[in-house]
Amino acid sequence: MNNTFTRIPFTAAAPLGRELEYISQCILEKKQLSGDGYFTEQARNFLEQQFGTKSVLLTTSCTDALEMSALLLNIQPGDEIIFPSFTFVSTLNAFVLRGAKPVYADIRKDTLNIDEKQLSSLITEKTKAIVVVHYAGVACEMDEIMSLAEKHNIHIIEDNAHGLFGKYKGKWLGTFGTLATHSFHETKNFTCGEGGALFINNTDFMDRAEIVREKGTNRTRFFRGQIDKYSWVDLGSSFLPSDILAAFLYAQLEKSEMIQKRRRELWNKYNSALASWAESQSVTLPAVPQHCDQAYHMFYILLPSLSARTSMIEFLKEQNIQSVFHYLPLHLSEMGKKLGGDKFQLPVTENISDRILRLPFYNTLSDADQSRVINRILGFSV
């Protein structure tokens, strides 16, 4: 192994503003460490004002926001939910936990998003919702998807874990579906280590969402002085993050312009510097349709084959550079097969999963380190 240079990780999270100051305030001044404190409210207000959604509730993870979505839609055993197989397991788990039957859709070859052309053939009288994932922060084709949902009277849930600050035809991602979920995991553009948010775009769900998030109680209404006591009134769980996490998150959100500007610079540099090499090596770079404003969540390349990807991972590892593949097809996983996933033919998903490689991409990646990654890649022959 070449130890001349320090290791460049695939991802790294770091304070970029007043994170530590706000955590100190939370502990020493505000004196509330549990959920829904001062900084939770600050982060919530920021997101509601920035994106114009009806209501935002912070959660402990995007997974919890998805589980809240399943509860809010009253998912019952036998309900069918359409998903892309190329996604993180939480997207499905949240609904399967309520007894839903997963129906898998293939992805597009260009954006790696759910193939909207397949959806009509997958809808049945049991279909309750379609969950779309804006992969890499590039929008799914929401006009066609929303039109289909309206025609069949089914819900759209946006798994927008990658897409905060992305747009489709000028409209923010996370504001199309009935509900939308977001992630503040340490790999995301904005982080508090572990965290998430639920965007509620339909007012019919606002009151119940507060109850579901507060363990099935109307405790939030009690603290607002709307009732003189609270009790258990519905199903729910403990989905509130600590205000310490919200303090860290709010400081990150305050730096949103700086963060997005830096990530755009990094993405553009990769894209331009690798273009000629990619063409000569039969490597594909990310596709971003003209009508989509991406969120600059990641930069990936598609190698010609699984063996080529394996070779590149090993090559970069020898240079002290970490690169990673991404999702394995959920329909072919052990649990996916138990739920009938192996009955689905999803050739694009399986092909992309074998070939995709994600490069180091994070807010504090230096110009020098990125140039080192690029230079090493340019020296690799497939």
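The values are calculated or read from the model by the stated rules, or taken from the named source; none is laboratory data. Predicted model, so just to flag it, every value in this text is computed and none were measured. Reconstructed Cβ throughout: ideal geometry from the backbone, glycine too, with neighbour counts over all protein chains shown.
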### Task
State all residues of region 87-106 that are farther than 22 Å from residue 121 by Cα and of a type in the set (A, V, I, L, M, F, W, C); if no residue qualifies, say none.
88, 89, 94, 97
### Task
Hey, can you tell me all the residues within region 92-138 that are out of contact with any Pro (no Cβ under 8 Å at 6 or more places or on another chain) and polar (S, T, N, Q)?
93, 118, 120, 121, 124, 127
### Task
Under 6 Å between Cβ atoms, at least 6 apart or on separate chains: pull out the pairs that start in region 77-103 with a residue that is surrounded by 19 or more Cβ atoms within 10 Å (Cβ to Cβ) and end on any residue that is of a type in the set (D, E, K, R) and part of a helix (DSSP H, G or I).
94/67
### Message
When the residues of region 34-52 are narrowed to those that are crowded, with 19+ Cβ neighbours inside 10 Å and not in a helix (DSSP H, G or I), which ends up farthest from the chain's Cα centre (by Cα)?
### Response
37
### Message
For the condition in the same structural domain as residue 106 (by TED's automatic domain parsing), touching a Leu at 6+ places or on another chain (Cβ under 7 Å) and among the small types (Gly, Ala, Ser), what is the one hit in 90, 61, 55, 34?
### Response
90
### Task
Tally the residues that are basic (Lys, Arg) and part of a loop (DSSP other than H, G, I, E, B), restricting the search to region 84-125.
3
### Message
Take residue 257 and tell me if it is modelled with pLDDT of 95 or more, out of contact with any helix residue (DSSP H, G or I) (no Cβ under 6 Å at 6 or more places or on another chain) and within 30 Å of residue 30 (Cα to Cα).
### Response
yes
### Query
For residue 107, all conditions in the list (1) exposed (fewer than 15 other Cβ atoms within 10 Å of the Cβ); (2) within 17 Å of the chain's Cα centre (by Cα) hold save one; what is the number of the exception?
(1)
### Message
Going residue by residue through region 2-19, is there one that turns out to be of a type outside the set (Asp, Glu), within 24 Å of residue 216 (Cβ to Cβ), modelled with pLDDT of 95 or more and in contact with a strand residue (DSSP E or B) (Cβ under 8 Å, 6 or more places away or on another chain)?
### Response
no
### Query
Quick check, is residue 76 of a type outside the set (Ser, Thr, Tyr), assigned to a helix (DSSP H, G or I) and either assigned by TED's automatic domain parsing to the domain that holds residue 243 or more than 18 Å from the chain's Cα centre (by Cα) (or both)?
no
### Set 45, 74: member being free of Cβ contacts under 8 Å to residues at least 12 places away in the same chain, closer than 18 Å to residue 216 by Cβ and of a type outside the set (A, V, I, L, M)
74
### Number of the condition not met by residue 158 [criteria: (1) assigned to a helix (DSSP H, G or I); (2) crowded, with 19+ Cβ neighbours inside 10 Å]
(1)
### Query
Right, residue 280: surrounded by fewer than 20 Cβ atoms within 10 Å (Cβ to Cβ) and more than 22 Å from residue 165 (Cα to Cα) or not?
yes
### Task
Considering only region 13-33, state which residues are among the polar types (S, T, N, Q) and loosely packed, with under 15 Cβ neighbours inside 10 Å.
24
#### Entry: Whichever residue in region 114-132 is closer than 22 Å to residue 75 by Cα and in contact with a Leu (Cβ under 9 Å, 6 or more places away or on another chain) and, among such residues, is surrounded by the most Cβ atoms within 10 Å (Cβ to Cβ)
130
### Query
Is it the case that residue 247 is crowded, with 21+ Cβ neighbours inside 10 Å and assigned by TED's automatic domain parsing to the domain that holds residue 34?
yes
### Message
Condition (residue is buried (at least 22 other Cβ atoms within 10 Å of the Cβ), assigned by TED's automatic domain parsing to the domain that holds residue 362 and touching a residue at least 24 places away in the same chain (Cβ under 8 Å)) applied to region 254-266: is it met by at least one residue?
### Response
yes
### Query
Can you tell me which of 306, 357, 365 is of a type outside the set (Asp, Glu), in the same structural domain as residue 262 (by TED's automatic domain parsing) and in contact (Cβ under 8 Å) with a residue 60 or more places away in the chain?
365
